[in-house]
Amino acid sequence: MSKSPGITVMTEFCTWEDAAFTGYVSYLDREDAERQEPAQEGSLFSEYLDYQGKGIFTRDSDALTEEEKGQIKQLFQLAQSRHSLMWQTVISFDTDWLIEQGIYHKESGTLNEATLKSATRKGIQKMLDAEGLSHALWTAAIHYNTDHFHVHVATVEVQPIRERRSYPQYETIKVKGKW
């Protein structure tokens, strides 16, 4: 039985002026974070790899085509031009916990990505509803490049309506970022 938390979730945000905003969708789609070995016949993610190894998914799509990725990037740029924040969430899974849940099969090296995507969708929607951001756009990708499988999620408001607050230290009014 795993002694560490099965799932940890961390979220931070960046402002529209931050260089991290512009490069985040490309970061999600970088090849060094994706599974590199070929899928085994009949594995749960073989269909996923058919999308040229590109792993971005959304609320409505399991894997974006190149055209859809272009559309998402345009929407992120539009959100940025409208001064939206971008929330960057990482959902990290303890490997032993995934094994206990039957989501990861160590012997075959098979991760049930469909289950992680479904859980991500439910969790992100619940989090956005709680924050009054049900209208927000998000993208996510499962990454394999650390000791733990993890999902990166990027969330923006294409049409920002998030509460704005006065921050005297900045001598300006800024969008509330903290959740």
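The values are calculated or read from the model by the stated rules, or taken from the named source; none is laboratory data. Quantities reported herein were computed from a predicted structural model and do not represent experimental measurements. Neighbour counts are summed over all protein chains in view; Cβ atoms, including those assigned to glycine, are modelled from backbone coordinates with ideal geometry. Keep in mind that these areas ignore ligands, DNA and RNA; they rest on the heavy atoms of the full protein, side chains included. Shrake-Rupley method; radii C 1.70, N 1.55, O 1.52, S 1.80 Å.
Here are some notes:
- Failed condition for residue 121, given (1) touching a residue at least 60 places away in the same chain (Cβ under 8 Å); (2) out of contact with any Lys or Arg (no Cβ under 8 Å at 6 or more places or on another chain); (3) not acidic (Asp, Glu): (2)
- Total residues in segment 73-109 satisfying the condition of being crowded, with 18+ Cβ neighbours inside 10 Å, farther than 15 Å from residue 158 by Cα and among the hydrophobic types (A, V, I, L, M, F, W, C): the figure is 5.
- Within segment 1-26, no residue that is under 22 Å from residue 116 (Cβ atoms) and modelled with pLDDT of 85 or more sits with its Cβ atom under 7 Å from a residue that is of a type in the set (Asp, Glu) and assigned to a helix (DSSP H, G or I) at 6+ positions apart or across chains.
- Of all positions in segment 159-173, none carries a residue that is touching a Leu at 6+ places or on another chain (Cβ under 9 Å) and either aromatic (Phe, Trp, Tyr) or open to solvent by less than 10 Å² (accessible area, probe 1.4 Å) (or both).
- Single residue of segment 110-148 satisfying the filter (open to solvent by 20 Å² or more (accessible area, probe 1.4 Å) and among the charged types (D, E, K, R)) that is farthest from residue 159 (Cα to Cα): 147
- Qualifying residue in segment 63-70 (condition: of a type outside the set (S, T, N, Q), over 11 Å from residue 139 (Cα atoms) and at pLDDT 85 or above): yes
- Lone unmet requirement of (1) within 15 Å of the chain's Cα centre (by Cα); (2) free of Cβ contacts under 8 Å to residues at least 24 places away in the same chain for residue 143: (2)
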